[in-house]
Amino acid sequence: MTTIRVRWLLIVAPALALAGCATPVAPPPVVATLPPPPPPPPTMPAGGYAGMEIPNKREDGTFVTPNFRMTDAAAVWHLRGALNVAALACDGAGGGVVGPYNAWLVGHAAGLDRYVKKYRDEWADTGWSDWEAAFDANQTRLYNFYGAPALRVAFCAVARQEIAAVLNVSDADLPAFARGSLGRLDHPFIAFFGAFEKWRDYYEPRVTPPPVVPTLPPQPAPAAAIAQVPVPGEGAAMTADAGAQASAGETPAPATQATTPASPPASPAEAQAPKPAATTP
């Protein structure tokens, strides 16, 4: 028994010595986790200004542009109008539009004339008596939309590419090309409207005013004045004349005394005698 205990001591003692000499494991470093910094505030897009009016949004969240639910003829005419604005306005923003635009008008004159005639017929078919005025107003909106000075550089950059591409499009394929081209021409405007909306909603939040709550109890309506009917006679006529003069802004004349002598006072017997009741004739 003694030998066994000694052996156990010889085994356990070196193990305890090794355990005492082991290097302690350092705890993992504590890494501070900070919340991410807030995003920078939105900036005003180039060309925008406080109080600027931008188009409204449709129910699907897209901004309103002139190019919505177009017929084939309308798409071709809108593309022609957009490129016409570019030809008139892009000389100072890189140029490169006037020459190709004129070449397109000459090379596809017959096809463009057919589309514009069809487009005018569609307006006439509405039956409106003033359809020509409505057609002209629609053209004005189209030109004003693409002629916005704040977006001239971005618009002209896209228009330069579109006018170069449309030269190789056949008349039959022109409506499909026009729809896609108008979407690309609208892109700079939609991006501008979205950036301006973010800036406006950040710096100029639109708060709905609270409803107005009355603080005073409602006052009763004034009672209607009871009209006084004068008794026919001389005094009543004088009162009516005075009222008419007062309403006309005139000072009523003093009443004149009656020239008929007053009746003598009634005797005590007459005063006590009953008066006959009035009878209806």
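Length gain on complete extension for the stretch Asn102 to Glu122, per 0.36 nm per residue less the alpha carbon to alpha carbon distance? Before the final figure, lay out each step's value.
Values: separation 20, 0.36 × 20 = 7.20 nm, distance 2.63 nm.
That works out to 4.6 nm of additional length.
Report the relative contact order of segment 46-189, percent, no decimals, based on alpha-carbon pairs under 8 angstrom and at least 6 residues apart.
Worked out over segment 46-189, it gives 36 percent.
So if I average 1/r over every pair of distinct C-alpha atoms in segment 28-123 and take the inverse, what Kirkwood radius in Å does that give?
Numbers: mean 1/r = 0.0547 Å⁻¹.
With all distinct Cα pairs of segment 28-123 included, I get 18.3 Å.
Largest to smallest in accessible area, the residues Lys118, Lys198 fall in the order Lys198, Lys118 (1.4 Å probe, all protein chains included).
The value given for segment 97-201 is a Kirkwood hydrodynamic radius of 15.9 Å, derived from the mean inverse Cα-Cα separation. Here the Karplus relation 6.51 cos²θ - 1.76 cosθ + 1.60, evaluated at θ = phi - 60°, turns the backbone of segment 92-105 into coupling constants of x, 10, x, x, x, 10, 4, x, x, 5, 5, 5, 5, 4 Hz, with x for every Gly and Pro.
Name the residues of segment 142-160 whose amide N is less than 13 Å from a point 7 angstrom out from the Cα of Ala191 along the C-beta direction? Counting backbone N atoms under 13 Å from the label point, the list is 151-159.
The values are calculated or read from the model by the stated rules, or taken from the named source; none is laboratory data. Values in this document were obtained by computation on a predicted structure and should not be read as measured data. As a convention, Cβ positions derive from the backbone with ideal geometry for all residues, glycine included, and neighbour counts pool all protein chains shown. Keep in mind that these areas ignore ligands, DNA and RNA; they rest on the heavy atoms of the full protein, side chains included. Shrake-Rupley method; radii C 1.70, N 1.55, O 1.52, S 1.80 Å.
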